[in-house]
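Novice: The structure that follows is given in the form of structure tokens.
The values are calculated or read from the model by the stated rules, or taken from the named source; none is laboratory data. The model shown is predicted, which means the values in this text are computed figures rather than measured ones. With ideal geometry, Cβ positions are generated from the backbone for all residues, glycine too; neighbour counts draw on all protein chains shown.
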Amino acid sequence: MTQDPDINAINSVSLLTDTAQDLCALAKENQHDSLFLLSLLRDLEQIHRQIRVDYFESALPQTRNDLYQFVKDIEEKGGWPYIERMRLRDLLQSLELNGIKTPGTRASNIVQQVEQQPESEDV
């Protein structure tokens with residue numbers, strides 16, 4: 001990890017403000033299109049993964065001092081980046097609460113089946 005002397009002056013939020021606003025506007029334009037929004041979330045997750053694997057991992061600290069600065073930054077500025085996924089059972093329960101049911105199948109039955117299966121990162 002190379003320490004830029006002005007690292008604290010770099011504010012990725014300000015660099016990404018326009019992009020974030022564009023993404024939110026796109027999501028708002030398509031707020032009733034669940035398949036589009038699902039695709040958008042998948043794309044964002046893929047971008048997150050690509051940045052992590054292709055760039056971030058190779059930039060991880062190489063010295064003890066850099067590691068200390070890295071961990072200190074994590075502790076002081078909000079932790080590890082994470083893209084939260086909606087759990088399938090939460091989605092199904094939300095659908096049931098909104099009165100959306102598949103004929104002959106209750107969402108709660110599907111939730112019970114999901115809960116009986118072993119946990120997986122993709123659920």
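Novice: Please report, ordered by residue number, the helices (runs of 4 or more DSSP H) entirely within the range 30-123 with at least 1 residues that are modelled with pLDDT of 70 or more.
Specialist: Fully inside the range 30-123 and qualifying: 34-51, 64-77, 88-97.
Residues checked against (1) in contact with a His (Cβ under 7 Å, 6 or more places away or on another chain); (2) touching a residue at least 40 places away in the same chain (Cβ under 8 Å); (3) more than 29 Å from LEU88 (Cα to Cα); (4) loosely packed, with under 11 Cβ neighbours inside 10 Å:
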{"position": "LEU41", "(1), (2), (3), (4)": "no, no, no, no"}
{"position": "GLN46", "(1), (2), (3), (4)": "no, no, no, yes"}
{"position": "ARG52", "(1), (2), (3), (4)": "no, no, no, no"}
{"position": "TYR55", "(1), (2), (3), (4)": "no, no, yes, yes"}
{"position": "ASP66", "(1), (2), (3), (4)": "no, yes, yes, no"}
{"position": "PHE70", "(1), (2), (3), (4)": "no, yes, yes, no"}
